[in-house]
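> Before I ask anything, here is the structure I am working with.
The values are calculated or read from the model by the stated rules, or taken from the named source; none is laboratory data. Here the structure is a predicted model, which is why all the values come from computation and not from measurement. Note that each Cβ is placed from the backbone with ideal geometry, even for glycine, and that neighbours are counted across all protein chains shown. Ligands, DNA and RNA are excluded from the accessible area calculation, which covers all protein heavy atoms including side chains. Shrake-Rupley method; radii C 1.70, N 1.55, O 1.52, S 1.80 Å.
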Amino acid sequence: MQQVPEEQLFLFDCGPDMQEIRLAADDMKRATRSRETLRAYKYDWQLFERWCESTGRQALPASAETLALFTAAHLKDRKVSSAERRMAAVIFRHRGEGMAVPDRAEARAILSGARRQRQEQPDSKAADRKSVV
């Protein structure tokens with residue numbers, strides 16, 4: 001069965017104002033993260049891009065090894081929760097670009113080991129973060 005391009009579907013919209021519904025749906029999708037979280041993700045993504053440039057690695061799409069090494073590199077002088085947020089920002093950007101998300105198993109193992117070595121307790125926001133990471 002041949003699929004009709006989305007642009008052509010607009011020609012057949014009838015009944016409720018479909019453009020208005022689409023705009024409302026887009027607004028709701030953008031509201032899945034707070035403005036502060038999106039600002040932090042943007043900052044974290046910029047850090048990731050600069051780190052990738054400095055190491056000769058590709059940011060988009062990132063490999064699992066790149067994500068793991070980036071995570072380890074940012075654990076030197078940061079809390080585990082900061083490294084988790086940075087990893088979440090990379091995942092969020094990949095999803096936003098419609099790209100496959102790099103495997104996170106190795107990066108998660110690094111975070112878990114760092115948390116155990118440092119005896120850090122997870123942040124209370126862990127439930128929110130799990131939906132991204």
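> With every protein chain left in place and a probe of 1.4 Å, what is the accessible surface of Leu111, to the nearest 10 Å²?
Solvent-accessible area, nearest 10 Å²: 10 Å².
> Given points 7 Å out from each Cα along the Cα-Cβ axis, report the Arg35 to Ala100 separation in nanometres with one decimal.
3.8 nm
> Would you mind classifying the range 13-78 by shape? Square roots of the alpha carbon gyration tensor eigenvalues, ordered a ≥ b ≥ c; an a/c under 1.5 is rounded, otherwise it is prolate if a/b is larger than b/c and oblate if not.
Here the range 13-78 falls in the prolate category.
> Then there's this: Show Asp103, Asp44, Asp26 ordered by accessible area, largest first, where the area counts protein heavy atoms only and the probe is 1.4 Å.
Asp103, Asp26, Asp44
> Quick one: how many Å² of Thr71 are accessible to a 1.4 Å probe, rounded to 10?
Answer for Thr71: close to 0 Å² accessible.
> At 1.4 Å probe size, what's the solvent-accessible area of Ile21? Round to the nearest 10 Å².
Approximately 90 Å² for this residue.
> Counting Lys and Arg as +1 and Asp and Glu as -1, what is the net charge of the other residues whose Cβ lies under 9 Å from the Cβ of Trp45?
The answer is +1.
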